[in-house]
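One structure is given here, and the rest of the page talks about it.
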Amino acid sequence: MEIKDFLDAKAVKSRLESKTKDEVLEELTDLLEKTGKVTNREEFLRVIREREELGSTGIGYNIAIPHARSTGIKGLTGAFGISKEGIEFDALDKEPVYLFFVLAAPKNAAGDYLKALATISRLLRNRKSRQALMKADTVGEIVKIIKKQEA
């Protein structure tokens with residue numbers, strides 16, 4: 001599975017406006033809505049917030065991968081955003097988060113959902129990818145970096 005299979009450029013933002021964890025979850029959900037795969041925004045927000053209460057998806061290295069399966073989603077989809085200032089996200093390493101990749105899937109999409117999470121993790125584990133994404137100023141640059149890493 002490749003990121004292009006579930007990430008639409010319409011759901012990519014080079015400068016998130018959010019300042020808090022809850023604001024960024026809402027802004028990322030707004031990006032997901034642009035894919036046309038969100039059937040119930042409030043249901044997805046409820047589920048993603050519940051997931052964060054179980055434990056932060058801020059995995060360290062300035063990365064967060066909020067993810068959830070929900071009845072409010074009709075197909076595997078993702079959104080990506082960059083906070084140039086960084087957001088306190090209760091990350092494992094206590095550092096602010098700059099790179100956000102949200103993944104949403106229907107309730108019954110276990111296999112593809114896990115494959116997509118692994119694909120995102122592979123991309124963001126790569127230090128050069130993270131550094132390039134942090135410097136990106138446009139959606140076009142972000143998409144190009146992601147495609148280059150998958151080539």
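The values are calculated or read from the model by the stated rules, or taken from the named source; none is laboratory data. Predicted model only: the values in this text are computed from it and were never measured. For neighbour counting, all protein chains shown are included, and Cβ atoms are generated from backbone atoms with ideal geometry for every residue, glycine included.
Among the residues that make up segment 95-108, is at least one of them among the acidic types (Asp, Glu), modelled with pLDDT of 95 or more and exposed (fewer than 14 other Cβ atoms within 10 Å of the Cβ)? No, because not a single residue in segment 95-108 is among the acidic types (Asp, Glu), modelled with pLDDT of 95 or more and exposed (fewer than 14 other Cβ atoms within 10 Å of the Cβ). All conditions but one from (1) touching a helix residue (DSSP H, G or I) at 6+ places or on another chain (Cβ under 6 Å); (2) crowded, with 18+ Cβ neighbours inside 10 Å; (3) not in a helix (DSSP H, G or I) apply to residue 9; the one that does not is (2).
With respect to the conditions (1) over 17 Å from residue 120 (Cβ atoms); (2) more than 13 Å from the chain's Cα centre (by Cα); (3) among the charged types (D, E, K, R), residue 5 falls short on a single one, namely (1). Can you name the residue in segment 120-151 that is acidic (Asp, Glu) and assigned to a helix (DSSP H, G or I) and is also modelled with the highest pLDDT among such residues? Looking at the filtered set, the residue picked out is 141. For residues that are aliphatic (A, V, I, L, M) and on the phi > 0 side of the Ramachandran plot, tally how many sit in segment 14-42. Residues flagged as aliphatic (A, V, I, L, M) and on the phi > 0 side of the Ramachandran plot within segment 14-42 amount to 0. The set of residues in segment 12-25 that are of a type in the set (Ser, Thr, Tyr) and either free of Cβ contacts under 8 Å to residues at least 60 places away in the same chain or surrounded by 16 or more Cβ atoms within 10 Å (Cβ to Cβ) (or both) comprises 14, 18. Residue count for segment 105-120 satisfying the condition of being within 19 Å of residue 14 (Cα to Cα) and not β-branched (Val, Ile, Thr): 0. In contact with a helix residue (DSSP H, G or I) (Cβ under 6 Å, 6 or more places away or on another chain), of a type in the set (Val, Ile, Thr) and either more than 23 Å from residue 122 (Cβ to Cβ) or in contact (Cβ under 8 Å) with a residue 60 or more places away in the chain (or both): is that true of residue 48 in this structure? No.
In segment 26-42 there is at least one residue matching the filter, namely being among the hydroxyl-bearing types (Ser, Thr, Tyr), surrounded by 14 or more Cβ atoms within 10 Å (Cβ to Cβ), within 24 Å of residue 134 (Cα to Cα) and modelled with pLDDT of 95 or more.
Scanning segment 22-75 for residues that are more than 13 Å from residue 104 (Cβ to Cβ), touching a Ser or Thr at 6+ places or on another chain (Cβ under 8 Å) and part of a helix (DSSP H, G or I) yields 24, 26, 27.
Consider segment 81-96 and keep the residues that are among the hydrophobic types (A, V, I, L, M, F, W, C) and touching a residue at least 40 places away in the same chain (Cβ under 8 Å). The one that is farthest from residue 23 (Cα to Cα) is 82.
For segment 8-55, the set of residues classified as more than 13 Å from residue 102 (Cα to Cα) and of a type in the set (Ser, Thr, Tyr) consists of 14, 18, 20, 39, listed by residue number.
Residues considered: 78, 86. Of these, the only one that is modelled with pLDDT of 95 or more, over 13 Å from the mean Cα position of the chain (by Cα) and not in a helix (DSSP H, G or I) is 86.
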